[in-house]
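A.B. asks: The structure follows.
Please treat every number below as a calculation from the coordinates, not as lab data. Please read all numbers here as calculations on a predicted model, not as lab measurements. Glycine gets a Cβ as well: all are built from the backbone with ideal geometry, and neighbour counts include every protein chain shown.
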C-alpha cells in the first residue's frame, strides 16, 4: 500500500513487523536449543533485511513532500513546514521549520533557548494513530527572539502504524502529558 506522503515505507515496516513478531513467537515457543539458535539467526537476518529494504526504498523513492499538519492556536511561533529527513525500520526523523512570532521568555523574564513541539499522527478518517504521540526539540540553543528562524527535530513512529497517515497534529504540552499517563 502506498501512502500519499510516506510512500510505501509504512507497508514495508508493517510487513516486517509481522514477520519479526512471528519469528519471536516461534523462538518463545521453541524447546530445542539447536532450533532456538537457528531461529535467532533467522531473526537477526530478518531485521537486517528490513533495515536494508527501508534504506533502499528511501533512496529509490525519497519522501519529498512536506507533511501536512494542523497547527496549534495561540503559540508564539509559527511552524512553516515539516519534512521527513531520514527513515529507518521503525520510525521517521522529522524536521520542523519554525519562525518565532513574538519573544519567548521564561517566568524570570529571560529568553527561552529551547522549544518543545508536541505532536501526534492522524489518519485519513481524522482519528489519532495509536502510539504516535511524540515531541520535537531544537538542538541549537539560541534566544527565542521575534523573527528568529530555527529547526526542531523529532521522531515519528512506529512506522508500521502509519499506513493510513494523513497529517500531523500539533498538541499542547498538557495533552501530551495526559497521553503519556495513559500509556
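A.B. asks: If I model a spin label as a point 7 Å beyond the Cα along the Cα-Cβ vector, how far apart are those points for residue 49 and residue 143 in nm?
C.D. replies: Going by the 7 Å Cα→Cβ label model, 5.7 nm.
A.B. asks: What ranking do 29, 169, 38 get, fewest neighbouring Cβ atoms within 10 angstrom at the top?
C.D. replies: 29, 38, 169
A.B. asks: Right, something else. What's the center-to-center distance, using Cα atoms, between segment 94-132 and segment 20-44 in Å?
C.D. replies: The distance from the Cα centre of segment 94-132 to that of segment 20-44 comes to 42 Å.
A.B. asks: If the chain between residue 105 and residue 8 were fully stretched, how many nm would it gain, using 0.36 nm times the residue separation less the Cα-Cα distance?
C.D. replies: Extra length from residue 105 to residue 8 when fully extended: 30.7 nm.
A.B. asks: Which ordering of 139, 77, 176 is given by a fewest-first count of other beta-carbon atoms within 10 Å?
C.D. replies: 139, 176, 77
A.B. asks: Here's another thing I want to ask about it. For semi-axes √(5λ) of the Cα gyration tensor in Å, one of (i) 30, 20, 15; (ii) 37, 18, 15; (iii) 102, 15, 8 was computed from the structure I shared and the rest are decoys. Which label?
C.D. replies: Only one listed value fits the structure, namely (ii).
A.B. asks: Take every Cα pair under 8 Å in the chain that's 6+ residues apart, average their separations, divide by the length, and report that relative contact order as a whole percent.
C.D. replies: It rounds to 25 percent for the chain.
A.B. asks: Using a 10 Å cut-off around each Cβ, can you sort 146, 110 from fewest to most neighbouring Cβ atoms? Each step should come with its number before you reach the end.
C.D. replies: Numbers: 146 12, 110 9.
Ascending Cβ contact count within 10 Å gives the list 110, 146.
A.B. asks: While we're here: With each run of n ≥ 4 DSSP H residues scored as -39500 (n - 2.57), what mean residue ellipticity at 222 nm is computed for the chain after dividing by its residue count and rounding to the nearest 500 deg cm²/dmol?
C.D. replies: -11000 deg cm²/dmol
A.B. asks: Now, a different point. Segment 122-183: Rg/Rh from Cα coordinates, Kirkwood Rh? All intermediate terms of the calculation are to be shown ahead of the outcome.
C.D. replies: On the way: Rg = 14.1 Å, Rh = 13.6 Å.
So for segment 122-183, dividing Rg by the Kirkwood Rh gives 1.04.
A.B. asks: Here's another thing I want to ask about it. Once both axes come from the Cα atoms, what is the angle between helix 33-60 and the longest principal axis of the chain, in degrees from 0 to 90, rounded to 10?
C.D. replies: In the chain, helix 33-60 runs at an angle near 40 degrees to the longest axis.
A.B. asks: Taking the Cα-to-Cβ direction at residue 131 and at residue 22 and moving 7 Å from each Cα, how far apart do the two end points lie in nm?
C.D. replies: According to this spin-label approximation, the distance is 1.8 nm.
A.B. asks: In addition: Report the rotationally averaged projected area of segment 9-60 based on its alpha-carbon convex hull, in square nanometres.
C.D. replies: 3.3 nm²
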